Amino acid sequence: QVQLVESGGGLVQAGESLRLSCAASGRTFSGSVMGWFRQAAATRREFVAAIEWTHGNTFHGESVKGRFTISRDNAKNTVYLQMNSLGPEDTAVYYCAVTWRVDIFRDGSYDYWGQGTQVTVSS
């Protein structure tokens, strides 16, 4: 029912920027939190950022604060992740997800997930 589709990933060089998009559909998202997680090869899934759908309050993971910015366009049912000053450590599959639960920093709290989009940063 709920569908999340990520786009915007690709191959960039260190220091460059990318903007990821997550198109959400299937229901209204009032009261939800939209999150971005990433998973590098052979690692656990890491919290990147989250945004409260209705009021727009944002949260960013420690490793991306000051470089990444999450935002949303409610009219378009789309969440964005602006990624600046990318480095090789940011290489991962990036996933969009949605939750109506409280613990927004835990991947297990999220109810629906997109398929992911690959971001590769070369040095």
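The values are calculated or read from the model by the stated rules, or taken from the named source; none is laboratory data. In this text, all values refer to a predicted model and were calculated from it rather than measured experimentally. Every residue, glycine among them, receives a Cβ derived from its backbone with ideal geometry; neighbour counts consider all protein chains shown. Areas reflect the complete protein model, heavy atoms only, side chains present, ligands, DNA and RNA absent. Shrake-Rupley method; radii C 1.70, N 1.55, O 1.52, S 1.80 Å.
Cα centroid distance between the stretch 34-56 and the stretch 97-118, in Å? Rounded to whole Å, the Cα centres lie 7 Å apart. Among the chymotrypsin sites (Phe, Trp or Tyr not before Pro) within the stretch 1-76, not one is in coil by DSSP while having at most 16 neighbouring Cβ atoms inside 10 Å.
For the stretch 23-123, applying the loop criterion from DSSP together with a ceiling of 14 other beta carbons within 10 Å to the GluC sites (Glu not before Pro) yields Glu62.
Just checking the listed ones, Val48, Val12, Val33: in the Gaussian network model of the chain with Cα springs under 10 Å, the one fluctuating most is Val12. Cα-based Rg of the chain per 2.2 N^0.38 Å, rounded to two decimals? In units of the 2.2 N^0.38 Å rule of thumb, it is 0.98.
Size descriptors for the stretch 1-70 (Cα atoms only): Rg and Dmax, in that order, 13.4, 38 Å. Rolling a 1.4 Å probe over the heavy atoms of the protein chains gives the chain an accessible area of 50 Å² per residue. Looking at the stretch 6-44, the trypsin sites (Lys or Arg not before Pro) that sit in a DSSP loop and have at most 15 other Cβ atoms within 10 Å of their own Cβ are Arg27, Arg44. Between Arg19 and Gln39, the distance separating the two model label sites (each 7 Å from Cα on the Cα→Cβ line) works out to 2.8 nm.
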